[in-house]
1. Could you please find all residues in the range 21-49 being under 20 Å from the mean Cα position of the chain (by Cα) and touching a residue at least 12 places away in the same chain (Cβ under 8 Å)?
2. Of the residues Val122, Val178, only one is more than 30 Å from Val30 (Cβ to Cβ), at pLDDT below 95 and not aromatic (Phe, Trp, Tyr); which?
3. If Trp144 passes every condition in (1) in contact (Cβ under 8 Å) with a residue 12 or more places away in the chain; (2) part of a strand (DSSP E or B) but one, which one does it miss?
4. Going through the range 145-166 one residue at a time, which ones are over 19 Å from Gly116 (Cβ atoms), under 19 Å from the mean Cα position of the chain (by Cα) and hydrophobic (A, V, I, L, M, F, W, C)?
Amino acid sequence: MGFGAQSLVKDIFAGFFLLVENQIRVGDVVEIAGKSGVVEQLSLRRTKLRSYDGSVHYISNGLITTVTNMSTEFAFAVVDIGVAYREDIDRVFAVMRETAEALRESPDFGPKIIDGLDIAGVDQWADSAVLIRARIRTQPLDQWSVRREYLKRLKAAFDREGISIPFPHRTLMVEGGVVAPGAPADTDAAGLPSRAARAS
């Protein structure tokens, strides 16, 4: 009985500071105690979250040590874009900026976007692609819809401009060194000669 009372006091005490400090509010999208979702109910004792798939999480406030709130002030739609090694990176940057500006001028997404595209630059040399990281500042909770629409438009822009979006290729060899039927043998995902082609 004493342990239960202690847990209850801990929950209420933690809930009090969550409310007073305005860390989370009903309608916010948060991550707490290893769970994420929309806050549907907040009391001194517990917090109710609903995840994207509809699952409901009831979390005792005493278990909350860290709050990640994705609904405060503004957000960033972060994208990681992969292009083939043979592409002109400056040209890719230009297409990315043009696409972001067109998105910002659209009536549906313009009000959701606070600032233009911020390109961090080349983030990684991956096995099959050069990875470019960028972000768009958005209104709270609009980062996901803006990101999805930007990626959709950028795919169409890359297709129109002939910019290659690579995917992993694999060369299959059978006994005797013969390339398996249908397997790409001349180039890899970056547009470079494959190992089998270089060895021949």
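1. The answer is Asp28, Val29, Val30, Glu31, Ile32, Lys35, Ser36, Gly37, Val38.
2. From the options Val122, Val178, the qualifying one is Val178.
3. (2)
4. Answer for the range 145-166, where residues must be over 19 Å from Gly116 (Cβ atoms), under 19 Å from the mean Cα position of the chain (by Cα) and hydrophobic (A, V, I, L, M, F, W, C): just Ile165.
For every residue, the table says whether it meets (1) within 27 Å of Gln139 (Cα to Cα); (2) touching a Gly at 6+ places or on another chain (Cβ under 9 Å); (3) modelled with pLDDT under 90.
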position	(1), (2), (3)
Phe3	no, no, yes
Val9	no, yes, yes
Leu18	yes, no, yes
Lys35	yes, no, no
Val39	yes, yes, no
Val56	yes, yes, no
Phe74	yes, no, no
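The values are calculated or read from the model by the stated rules, or taken from the named source; none is laboratory data. All of these numbers come straight from a predicted model, not from anything done at the bench. Please note: Cβ atoms are built from the backbone with ideal geometry, for glycine as well, and neighbour counts cover all protein chains shown.
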